[in-house]
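Heads up, the thing below is written out as structure tokens.
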Amino acid sequence: MSVASVPAGNPDAAWVTITDICEPLNWQALFGNDHPVEIDLGAGDGGFVANRAKANPGTNFLAVERLLGRARKIVKKAFRQNLPNLRVLRLETSYLMRYMIPAESVSIVHLMFPDPWPKRRHHERRIVQPEFVKSVATSLKSGGEFRFTTDHAEYFSVAVPVINAELLLRSTELWDFSVDPQTEFQTEFLAEGRVINRARYLKK
């Protein structure tokens with residue numbers, strides 16, 4: 001993996017700078033240890049992943065965010081909160097999962113409040129498609145988890161059958177999300193009285 005390293009203590013130390021997008025990530029090279037890895041896809045302002053990284057120092061976290069402004073916020077959180085187990089990658093989610101995550105290397109993949117693309121003509125842009133789900137399943141270790149959260153009931157109703165169709169995953173009981181940090185979107189949606197839909201899958 002071609003990654004430009006940043007010295008510890010640097011405000012930009014959490015950035016993952018990839019010089020070759022054709023090579024898979026190497027978690028040992030990225031974090032300097034063999035701790036379990038969790039990925040937060042579409043991490044927003046990083047409130048969820050930063051708090052989770054702080055509460056779980058023995059786990060490595062990769063925050064994936066395509067928008068530069070949001071990604072910068074996560075990097076700042078990692079520096080200000082002294083989170084050596086948090087890295088930030090600015091990259092398109094589908095490409096990352098399909099080409100750059102080593103098989104059977106991740107403990108948990110979080111997909112929280114992805115863009116529902118509510119207009120019918122935009123449904124093909126939704127992230128939960130068979131190829132994406134296959135890449136998530138491939139990335140997970142045996143017994144690893146895929147956690148899917150959305151406030152959009154219609155999206156949830158069509159996404160769940162797509163995930164259920166993946167033979168490497170099996171639906172299971174929900175995790176204890178009462179202890180999870182809230183994302184910016186979740187705080188907003190709960191204040192509006194929206195119902196939050198969740199599903200949890202284990203790698204067979």
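Looking at the stretch 28-60 only, could you name the residues that are under 23 Å from residue 98 (Cα atoms), outside any loop (DSSP other than H, G, I, E, B) and over 15 Å from the mean Cα position of the chain (by Cα)? Don't jump to the end; show me each part of the working.
Of the stretch 28-60, the ones under 23 Å from residue 98 (Cα atoms) are 28-31, 34-44, 46, 49, 59-60.
Those still in the list that are outside any loop (DSSP other than H, G, I, E, B) too: 28-31, 37-41, 49, 60.
Of everything in the stretch 28-60, those that are under 23 Å from residue 98 (Cα atoms), outside any loop (DSSP other than H, G, I, E, B) and over 15 Å from the mean Cα position of the chain (by Cα) turn out to be 28, 29, 30, 31.
Each row is one residue, and each column tells you yes or no for (1) part of a helix (DSSP H, G or I); (2) acidic (Asp, Glu); (3) farther than 17 Å from residue 64 by Cβ; (4) in contact with a strand residue (DSSP E or B) (Cβ under 9 Å, 6 or more places away or on another chain).
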residue: 118; (1), (2), (3), (4): no, no, yes, no
residue: 122; (1), (2), (3), (4): yes, no, yes, no
residue: 127; (1), (2), (3), (4): no, no, no, yes
residue: 135; (1), (2), (3), (4): yes, no, no, no
residue: 144; (1), (2), (3), (4): no, no, no, yes
residue: 149; (1), (2), (3), (4): no, no, no, yes
residue: 159; (1), (2), (3), (4): yes, no, yes, yes
residue: 163; (1), (2), (3), (4): yes, no, yes, yes
residue: 166; (1), (2), (3), (4): no, yes, yes, yes
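Can you tell me which residue within the stretch 70-116, out of those that are in a helix (DSSP H, G or I) and among the polar types (S, T, N, Q), is surrounded by the most Cβ atoms within 10 Å (Cβ to Cβ)?
Among those that are in a helix (DSSP H, G or I) and among the polar types (S, T, N, Q), it is 93.
Considering only residues that are surrounded by fewer than 18 Cβ atoms within 10 Å (Cβ to Cβ) and touching a residue at least 24 places away in the same chain (Cβ under 8 Å), which ones fall in the stretch 32-54? So that I can check it myself, show each step before the final result.
Here is the first cut: in the stretch 32-54, the ones surrounded by fewer than 18 Cβ atoms within 10 Å (Cβ to Cβ) are 32-36, 51, 54.
Once the filter is applied, which keeps residues that are surrounded by fewer than 18 Cβ atoms within 10 Å (Cβ to Cβ) and touching a residue at least 24 places away in the same chain (Cβ under 8 Å), the stretch 32-54 yields 33, 35, 36, 51, 54.
Could you please give the count of residues in the stretch 123-139 that are farther than 14 Å from residue 158 by Cα and free of Cβ contacts under 8 Å to residues at least 60 places away in the same chain?
6
Every read-out reported here was derived from the displayed coordinates using simple, explicitly stated rules and does not represent laboratory data. Because the structure is predicted, anything quoted here is derived from the model rather than measured. When we count neighbours, we look across all protein chains shown, and the Cβ atoms used for this are built from the backbone with ideal geometry, even at glycine.
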